[in-house]
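Student: Can you read through this structure? Questions will come right after.
The values are calculated or read from the model by the stated rules, or taken from the named source; none is laboratory data. Since we're looking at a predicted model, the values are computed, not measured. Reconstructed Cβ throughout: ideal geometry from the backbone, glycine too, with neighbour counts over all protein chains shown. Calculation scope for accessible area: heavy atoms of the full protein, side chains included, ligands and nucleic acids excluded. Shrake-Rupley method; radii C 1.70, N 1.55, O 1.52, S 1.80 Å.
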Amino acid sequence: MIVCSCQHIACKDIHAAIDWMRASDPDTLITPGKIYHALGKQADCGGCMPLFLETMRKNPSLKIPSNQQVFKLPDEEGHSNERRSQGY
Ligand code: FES
């Protein structure tokens, strides 16, 4: 299915670009701009962005692996203070 009609980008192109980027760099943050760049294209009108983002979110490789995340998730007790004292 065509996602971006200006640049003729199909959903399979988006998934292929995401998989390629994740395989080549597990830490990278994947954005629509990076996908356009990887495909050698440039966004034009931007009208496809909602569908483009929805297609990106369907790819399981989009998220950074949890052991690579920069921000710490809350622990089992719900603490997410990143080891700061409360009254800093
Ligand atoms: S439809 Fe994608 S940039 Fe226009």
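Student: Can you list the residues, at least 5 places off or on another chain, whose amide H is less than 5 Å from the amide H of VAL3, using H built in the peptide plane?
Tutor: Excluding prolines and chain starts, which carry no amide H, the hits are ILE9, ALA10, CYS11.
Student: Could you check how many percent of all C-alpha pairs in the stretch 1-60 are farther apart than 18 Å?
Tutor: Numbers: 406 of 1770 pairs.
Tail of P(r) above 18 Å: 23 percent of Cα pairs.
Student: For the stretch 9-68, give the percent of accessible area contributed by carbon and sulfur heavy atoms, probe 1.4 Å, rounded to a whole number.
Tutor: Values: 2100 of 3720 Å².
The C+S portion of the solvent-accessible surface of the stretch 9-68 is 57 percent.
Student: Now a separate question. About its Cα centre, how strong a charge dipole does the stretch 1-63 have in debye, to the nearest 20, once Lys and Arg get +1 and Asp and Glu get -1 at the Cβ? Mind showing how you got there, number by number?
Tutor: Values: 7 positive and 6 negative charges, 24 e Å.
In total the dipole reaches around 120 debye.
Student: Taking a probe of 1.4 angstrom, what is the accessible area of ASP27 in Å², to the nearest 10?
Tutor: Surface accessible to solvent at ASP27 totals approximately 90 Å².
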